[in-house]
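The values are calculated or read from the model by the stated rules, or taken from the named source; none is laboratory data. Here the structure is a predicted model, which means the values were calculated and not measured. Here Cβ is always computed from backbone atoms with ideal geometry, including for glycine, and neighbour counts include all displayed protein chains.
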Amino acid sequence: MLRKKKPEERSEQEVQIEIAASDARTSRPSLLSFCKKNWKRLAAGACVLAVGAAILVPKLRAKPAATTALDYIETSPERRNITNTLSNSGTITAADSYNVTSLVQGTVLSADFEVGDYVEQGEVLYVLDSSDASNELETAQISLEQAQRSYDEAVDAQYVRAPSAGTLVSFSVRVGDTVQAGQELAVLRDDSVMLLTLEFPAVDAASFAVGQNAIVTLSGTFETVQGVVESISGADQLSSSGSIMARTVTIAVTNPGSLTTAQAAAATINGVGSLSSAHFSYQREQKITASAGGTVAALCVTPGSSVRANDALVQLSDSALTKQIQSASNNLRSAQLSMEKTQQQLDNYTITAPISGIIVKKNVKAGEKITTGSSTDNALCTIYDLSYLEMTLNIDELDILSVSEGQNAVITVDAVSGKTFSGVVTSVLVTGSTTGGTTTYPVTVRIDDTGELMPGMNATADITVANAENALSIPNAALVRGSYVLVTKDSPSAANAVADMVAPEGYVYVKVETGVSDNDYIEITSGLEETDTIAYSASAATATRDGESFAMAIGPGGPGGDF
């Protein structure tokens, strides 16, 4: 609805001007007479006036003309959905891309894939000739084994070990003692088998055989245990009593754990009893000596403990021995690193896909020879991960604070007309770049709804930065100074009129609070009701439609009003 102000009555000044003009018309003859007499002077004056007019007229035209009447558009606030979007352009890229290169050089034996094929991460792409690398690996393996043996020997040299299984009877040294090569360190006894040496009549013993069973009777308890003939003397001699000729027979008895050298026993072989009894002896008992000098660093077992062959008994320390061990350890580590490096180099001859995706470029085929390099020019092939697409937007510093992760975006692409695609903001980087005094920040939008989109396409993303549903709203042009609206005096909200603001006749200004806005409308959160009638100038509405700021279009004080 358009309504105009009534024109004001003519002022007294206007009346006086009209009277003067009338007088001038009535005195026209005398004026003509005057001009004829003074035409030269008048011509010179006209020239001066012409120059002055050339200077002053443009300046006078630059001044805005006073408006005596304004056209107002009247409407009421209405409910609508308002969406505030931020628009920016960028180029669509793949979710990930990788140029596959080689760390080694050689001839390609196989490359069983083609452009357009989908490959999984870890899938074999190229196999190169690795014969030279295999030989180097074998050499490294031999060197590692030699270094390991040298280290084991150096470490073993600091230990005195048991030559056989048995029981450690005692140590003859203590921790901290200094020993020399050949010095006794401990006594080791093998008591798993006890030996019993007895005399038998020579006539009967001549028929005994090694390995023959014997029954051993323990003195005192008369218990019997099984024994085996271990040896028989070859010559007859008088028995210890001197009564008959006898032979010495040694019987081995497995120790159940209770036999000691204090125990005596007699035996019967093939029904023939021994001439007397005798005490058991140990099968083996030996003294352990040091093979090299040094200081006793540790006693590895306790006396009375059972040990196995090659168990450590005593640990010796010596500066020369320590240096030898350290040197052997360093050599072993160096051999291990060399082995690992050679193995990795061999693995590099089999090139696998670093990511899952589509082969978009294949530069090297089977039978070709490749050289090392990591630049794009030396890429064997290129893989795109097209499971989703991305686009990076450079958002101005004035708008970046309104953008956050998780906001939705509508994507449009010139190459795919008539369609829109959905996206979401996945990254807002705080590191900006400044060009020409303007700072922008990179914002990444992920596009899962890829459709016909392809990497390289130019696209525009409209990011929804704010949204209000069923919001009470007014046109942007109706907002004055960012927080005031012109309403008719009969509107319900006119009761809250701002007293110190001059409004056109029939209107008052009310203060409002605003929310979300778009290009045309702005949300009113308080200060207006749906039954109010608001007004704004038609020129302001036109300016806003042309894309200008509504605050600038209305100007100071709004339509017809001022502070």
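Does segment 378-436 hold any residues that are small (Gly, Ala, Ser) and either in contact (Cβ under 8 Å) with a residue 60 or more places away in the chain or on the phi < 0 side of the Ramachandran plot (or both), and which are they?
Hits for segment 378-436 are Ala379, Ser387, Ser402, Ser404, Ala409, Ala415, Ser417, Ser422, Gly423, Ser427, Gly432, Ser433.
Evaluate the following for Ser433: is it under 30 Å from Glu78 (Cα atoms), among the hydroxyl-bearing types (Ser, Thr, Tyr) and surrounded by fewer than 22 Cβ atoms within 10 Å (Cβ to Cβ)?
In short, no.
Answer yes or no as to whether Leu196 is touching a Phe, Trp or Tyr at 6+ places or on another chain (Cβ under 7 Å) and either farther than 30 Å from Gln326 by Cα or surrounded by fewer than 16 Cβ atoms within 10 Å (Cβ to Cβ) (or both).
So Leu196 fits the description; yes.
So how many residues does segment 521-563 have that are modelled with pLDDT under 50 and hydrophobic (A, V, I, L, M, F, W, C)?
6
If Ile359 satisfies every condition in (1) assigned to a loop (DSSP other than H, G, I, E, B); (2) closer than 29 Å to Ser427 by Cα but one, which is the exception?
For Ile359, the failing item is (1).
Check Ala461, Ala478 and return the single one that is closer than 30 Å to Glu78 by Cα and in the same structural domain as Leu401 (by TED's automatic domain parsing).
The match here is Ala461.
Look through Thr254, Thr248, Thr268, Thr295 and report the one residue that is among the hydroxyl-bearing types (Ser, Thr, Tyr) and within 60 Å of the chain's Cα centre (by Cα).
One residue alone meets the criteria, Thr295.
Output the residue which, of all residues in segment 151-163 that are surrounded by 14 or more Cβ atoms within 10 Å (Cβ to Cβ) and in a helix (DSSP H, G or I), is nearest to the chain's Cα centre (by Cα).
Looking at residues that are surrounded by 14 or more Cβ atoms within 10 Å (Cβ to Cβ) and in a helix (DSSP H, G or I), I get Tyr151.
Filter segment 425-470 down to the residues that are charged (D, E, K, R) and part of a loop (DSSP other than H, G, I, E, B), then identify the one that is farthest from Asp399 (Cα to Cα).
Result: Glu452.
Go through segment 487-497 and count every residue that is surrounded by fewer than 16 Cβ atoms within 10 Å (Cβ to Cβ) and of a type in the set (A, V, I, L, M, F, W, C).
The number of residues fulfilling the criteria is 1.
For Leu313, are the conditions met, namely being of a type in the set (A, V, I, L, M, F, W, C), closer than 30 Å to Asp190 by Cβ and at pLDDT 90 or above?
It is true that Leu313 is of a type in the set (A, V, I, L, M, F, W, C), closer than 30 Å to Asp190 by Cβ and at pLDDT 90 or above.
Is at least one residue of segment 66-89 more than 30 Å from Ser537 (Cα to Cα), at pLDDT 90 or above and either among the acidic types (Asp, Glu) or surrounded by fewer than 17 Cβ atoms within 10 Å (Cβ to Cβ) (or both)?
Within segment 66-89, one or more residues are more than 30 Å from Ser537 (Cα to Cα), at pLDDT 90 or above and either among the acidic types (Asp, Glu) or surrounded by fewer than 17 Cβ atoms within 10 Å (Cβ to Cβ) (or both).
Would you check if there is a residue in segment 504-520 being surrounded by 15 or more Cβ atoms within 10 Å (Cβ to Cβ), of a type outside the set (Phe, Trp, Tyr), more than 22 Å from Thr83 (Cβ to Cβ) and at pLDDT below 95?
There is at least one residue in segment 504-520 that is surrounded by 15 or more Cβ atoms within 10 Å (Cβ to Cβ), of a type outside the set (Phe, Trp, Tyr), more than 22 Å from Thr83 (Cβ to Cβ) and at pLDDT below 95.
Could you list, in sequence order, the residues of segment 384-428 that are farther than 14 Å from Ile92 by Cβ and surrounded by fewer than 13 Cβ atoms within 10 Å (Cβ to Cβ)?
The answer is Glu397, Leu398, Leu401, Ser404, Glu405, Gly406, Ser417, Gly418, Ser427.
To keep it simple, each residue is scored yes or no on (1) surrounded by 13 or more Cβ atoms within 10 Å (Cβ to Cβ); (2) of a type in the set (Ser, Thr, Tyr); (3) closer than 30 Å to Asn330 by Cβ.
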| position | (1), (2), (3) |
| --- | --- |
| Val104 | yes, no, yes |
| Gly116 | no, no, no |
| Val119 | yes, no, no |
| Ala140 | yes, no, yes |
| Leu144 | yes, no, yes |
| Arg149 | no, no, yes |
| Ala165 | yes, no, no |
| Leu168 | yes, no, no |
| Thr178 | no, yes, yes |
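Which numbered condition trips up Thr302, out of (1) assigned to a loop (DSSP other than H, G, I, E, B); (2) modelled with pLDDT under 90; (3) not charged (D, E, K, R)?
Only one criterion in (1) assigned to a loop (DSSP other than H, G, I, E, B); (2) modelled with pLDDT under 90; (3) not charged (D, E, K, R) is unmet by Thr302, namely (2).
Listed residues Thr350, Thr342, Thr322; which is touching an Asp or Glu at 6+ places or on another chain (Cβ under 7 Å), more than 30 Å from Thr217 (Cα to Cα) and not aliphatic (A, V, I, L, M)?
Testing whether each residue is touching an Asp or Glu at 6+ places or on another chain (Cβ under 7 Å), more than 30 Å from Thr217 (Cα to Cα) and not aliphatic (A, V, I, L, M) leaves just Thr342.
Would you tally the residues in segment 120-142 being assigned to a helix (DSSP H, G or I) and closer than 30 Å to Ser97 by Cβ?
1
Only one of Leu393, Leu337, Leu332, Leu313 is closer than 30 Å to Val425 by Cα and outside the structural domain of Arg189 (by TED's automatic domain parsing). Can you tell me which?
Going through Leu393, Leu337, Leu332, Leu313 in turn, the sole match is Leu393.
Exactly one condition in (1) modelled with pLDDT of 90 or more; (2) buried (at least 18 other Cβ atoms within 10 Å of the Cβ) is false for Thr289; which is it?
All conditions are met except number (2).
If you scan segment 187-232, which residues turn out to be hydroxyl-bearing (Ser, Thr, Tyr) and in contact (Cβ under 8 Å) with a residue 12 or more places away in the chain?
Scanning segment 187-232 gives Ser192, Thr197, Ser207, Thr217, Ser219, Ser231.
Is it fair to say Val57 is at pLDDT 95 or above and either within 30 Å of Gln343 (Cα to Cα) or not acidic (Asp, Glu) (or both)?
Taking the combined requirement at face value, the residue does not satisfy it.
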